[in-house]
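Visitor: I have a structure here, written as structure tokens, and I will follow up with some questions on it.
The values are calculated or read from the model by the stated rules, or taken from the named source; none is laboratory data. It should be emphasised that the depicted structure is a prediction, and the values quoted were computed from it without experimental measurement. Quick reminder, even Gly has a Cβ in these numbers, built from the backbone with ideal geometry, and neighbours come from all protein chains shown. Just so you know, the surface numbers come from the protein's heavy atoms only, side chains and all, with ligands and any DNA or RNA stripped out. Shrake-Rupley method; radii C 1.70, N 1.55, O 1.52, S 1.80 Å.
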Amino acid sequence: MRLRFAPSPTGYLHVGGARTALYNWLLARQSGGSFILRIEDTDLSRSTEEAIEAIMTDLRWLGLDWDEGPDAGGEHWPYRQTGRYALYHEAALRLLREGHAYRCFCSPEELKERREAALREGRNPMYDRRCRSIPEGEAQRLEEEGRPYALRFRVPEEGETAVRDLIRGEVVFRNREIEDFVLLRNDGTPTYNLAVVVDDIDMRITHVVRGDDHLSNTPKQLLIYHALGKEPPAFAHLPMIVGTDGKPLSKRHGDVAVGYYREAGFLPEAMINFLALLGWSLDDSTTIMDRETLVANFGLERVSSKPAVWDTDKLYWMNAQYIMAMDEEGLAEAIRPFLVREGLLAEGDEEGMERLRHAVPLIRERIKVLADAVPLLAFLFREVETAEDSREFLEGDENRAVLREAGKRLLELERFDAESIESALRAMVEGMGLKPRKAFQPIRVAVTGSKVSPPLFESMELLGRERCLQRIARALEGSERRGSRVR
RNA sequence: GGCGCAUUAGUCUAGUUGGCCUAGGACGCCGCCCUCUCAAGGCGGAGAUCGCGGGUUCGAAUCCCGCAUGCGCUACCA
């Protein structure tokens, strides 16, 4: 099997495109075939180089590697339509020569006018085929005069064109409902329908797996295949991914760019798993599946035909599952750039990295995305400032007594490890007749700066006795200062 | 306006040939347990008259017809 992902480079890769790419990739890998990246940039005004780079970056991050593409080479290089005009012209010329296409001298302006008029009057806005009947001699003469023209496909007036879709079954279109669409614009550039067919033929694509929005275009493409005497590939049209309001995905629905999820600290494996399940299922109960399982089991037969809503709740959960399954070293490495980005850890700080490695087990099940590690671990990498919503735990005589006593007991400890800290503090709590819940909170706030933190005793061990005592003393001083002022 | 596609709980879905579906699983939500906070984990719960209306049948989420709603295409966009 030879499959392709053919984005138009008009922006970043969004999750719908990522899923399309994934399904194509899965089929290619499963079959031992090829996955091809092709850039559909026939719309010069909207395509950019940055977009091409961004799309490739996102695909690589997801681990969707391609065998042929703009950067990978291959016999059809450059794998972008702007570099393959000669091919399209050749095909267009042949269609013209063999009577499957004709020159249309209507200007875009008049077409637009006629269209709007038709719509206004409730008529079918289809092209009226007026240039279709211009005799060839006449048309050639007009061409020689230098009259600009577009090339249109001569759609048969009778019969029907059936799309055999691997997901939806046979979808039939009456040819009379299909308009004489443009193949070549009057500036000589090819349109999508021509370019896509020529490329898919040339690249020997066997299966076209793409979004639902192309289903209505498929009969046109089929017509071109037939006119060219070529066997069309198999088609599969995936349901769209829509927003929570059922409308097509857009920025309005929050974050739909793959890059956003990368920067928020989602793992590519979780992304892949989640995307795969958006429209496909293995069975009635399996949700967590690694890449190998997907490659082995994916199939178009189990792709749903109903649009899926982009709702990230499950993605967060799934990402947490993948995080919990990572080993400590790997997770520490994954978190590192996020700490660096926030200025908490220097690039080559080995000592800091060691602390991170020890901290990982403490936060592993407390984070859903890698970026969540930052606020949880900040206290290990810089001095704390007590969070607004946590200050109350430092105020009052009782809390001050806890801090004072804790400082004393910790100072006396022989070994400053979690176990010793815990038993010392628990003994203290008991001696003071307090509830553990109540007594540990001020210490937590003093040491970590927040009422929410990784487990206290382990955190304290990691921080070290000296810094713990410093922070407790500092918190106590501040509290006493404020306490006496009130008095 | 025309043509096409879709329609199972808030969400992702199972349900392939009609009976084993008193519609299964997962996320989310609620409650309880565990507990130094937050999580994680364990247990339990609510939530779907299978878009609506007809039919076929002993029996339909599953087959047929109509309707409604949503989306797509209808571009010298892709």
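Visitor: Can you tell me which residue among A:Val171, A:Val197 is out of contact with any His (no Cβ under 7 Å at 6 or more places or on another chain), at pLDDT below 95, open to solvent by less than 40 Å² (accessible area, probe 1.4 Å) and hydrophobic (A, V, I, L, M, F, W, C)? Spell out how you get there, then give the answer.
Guide: Values: A:Val197 fails: at pLDDT below 95.
Criteria check complete, one pass: A:Val171.
Visitor: Residues that are within 15 Å of RNA strand B (Cβ to nearest atom) and more than 25 Å from A:Asp389 (Cα to Cα): which helices (runs of 4 or more DSSP H) entirely in the range A:401-487 hold 3 or more of them? So that I can check it myself, show each step before the final result.
Guide: Values: elements: A:418-432, A:436-448, A:456-463, A:465-486.
Filter on the range A:401-487 gives A:418-432.
Visitor: Further, regarding this structure: If you check every pair at least six apart or on different chains, which have Cβ atoms under 7 Å apart with a residue in the range A:138-165 that is assigned by TED's automatic domain parsing to the domain that holds A:Tyr127 first and a residue that is open to solvent by 50 Å² or more (accessible area, probe 1.4 Å) and more than 10 Å from RNA strand B (Cβ to nearest atom) second?
Guide: That search, which allows pairs on different chains as well, returns A:Tyr149/A:Glu143; A:Phe153/A:His100; A:Arg154/A:His100.
Visitor: Turning to a different aspect of this structure: It is to be established whether one or more residues within the range A:369-387 are over 30 Å from A:Ser479 (Cβ atoms), within 14 Å of RNA strand B (Cβ to nearest atom), out of contact with any Ser or Thr (no Cβ under 8 Å at 6 or more places or on another chain) and among the acidic types (Asp, Glu).
Guide: Within the range A:369-387, none of the residues are over 30 Å from A:Ser479 (Cβ atoms), within 14 Å of RNA strand B (Cβ to nearest atom), out of contact with any Ser or Thr (no Cβ under 8 Å at 6 or more places or on another chain) and among the acidic types (Asp, Glu).
Visitor: To continue, here is another question. Which one of these is under 18 Å from the mean Cα position of the chain (by Cα) and not small (Gly, Ala, Ser): A:Ile272, A:Ile335?
Guide: Exactly one of A:Ile272, A:Ile335 is under 18 Å from the mean Cα position of the chain (by Cα) and not small (Gly, Ala, Ser), namely A:Ile272.
Visitor: Can you confirm whether A:Val155 is under 38 Å from the mean Cα position of the chain (by Cα) and either within 30 Å of A:Pro248 (Cα to Cα) or not in a helix (DSSP H, G or I) (or both)?
Guide: Details: under 38 Å from the mean Cα position of the chain (by Cα): no; either within 30 Å of A:Pro248 (Cα to Cα) or not in a helix (DSSP H, G or I) (or both): yes.
Criteria not met by A:Val155.
Visitor: Please verify whether A:Ser31 is open to solvent by 10 Å² or more (accessible area, probe 1.4 Å) and in contact with a Leu (Cβ under 9 Å, 6 or more places away or on another chain), treating the condition exactly as stated.
Guide: On the way: open to solvent by 10 Å² or more (accessible area, probe 1.4 Å): yes; in contact with a Leu (Cβ under 9 Å, 6 or more places away or on another chain): yes.
So A:Ser31 fits the description; yes.
Quick grid of which residues meet (1) part of a loop (DSSP other than H, G, I, E, B); (2) near RNA strand B (Cβ under 8 Å from one of its atoms); (3) touching a Cys at 6+ places or on another chain (Cβ under 6 Å):
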{"site": "A:Ala91", "(1), (2), (3)": "no, no, no"}
{"site": "A:Leu111", "(1), (2), (3)": "no, yes, no"}
{"site": "A:Met126", "(1), (2), (3)": "yes, yes, no"}
{"site": "A:Arg141", "(1), (2), (3)": "no, no, no"}
{"site": "A:Leu151", "(1), (2), (3)": "no, no, no"}
{"site": "A:Ala162", "(1), (2), (3)": "no, no, no"}
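Visitor: Could you check the range A:275-287 and list, in sequence order, the residues that are over 18 Å from the mean Cα position of the chain (by Cα) and in contact (Cβ under 8 Å) with a residue 24 or more places away in the chain? Before you say what the answer is, go through the steps one by one.
Guide: As a first pass, look at the range A:275-287 and keep what is over 18 Å from the mean Cα position of the chain (by Cα): A:281-287.
Residue satisfying the conditions is A:Thr287 alone.
Visitor: Right, something else. Under 6 Å between Cβ atoms, at least 6 apart or on separate chains: pull out the pairs that start in the range A:221-232 with a residue that is in the same structural domain as A:Arg164 (by TED's automatic domain parsing) and end on any residue that is in a helix (DSSP H, G or I).
Guide: If the second residue must be in a helix (DSSP H, G or I), the pairs left are A:Gln221/A:Asn193; A:Gln221/A:Val197; A:Ile224/A:Val197; A:Ala227/A:Leu95; A:Lys230/A:Ile201; A:Pro232/A:Leu222; A:Pro232/A:Tyr225.
Visitor: Output the number of residues of the range A:294-310 satisfying the condition of being assigned to a helix (DSSP H, G or I) and either within 8 Å of RNA strand B (Cβ to nearest atom) or open to solvent by less than 20 Å² (accessible area, probe 1.4 Å) (or both). Reasoning before the result, please.
Guide: Step one: of the range A:294-310, the residues assigned to a helix (DSSP H, G or I) are A:294-297, A:300-302.
Among the residues that remain, those that are also either within 8 Å of RNA strand B (Cβ to nearest atom) or open to solvent by less than 20 Å² (accessible area, probe 1.4 Å) (or both) are: A:294, A:300-302.
Number of matching residues: 4.
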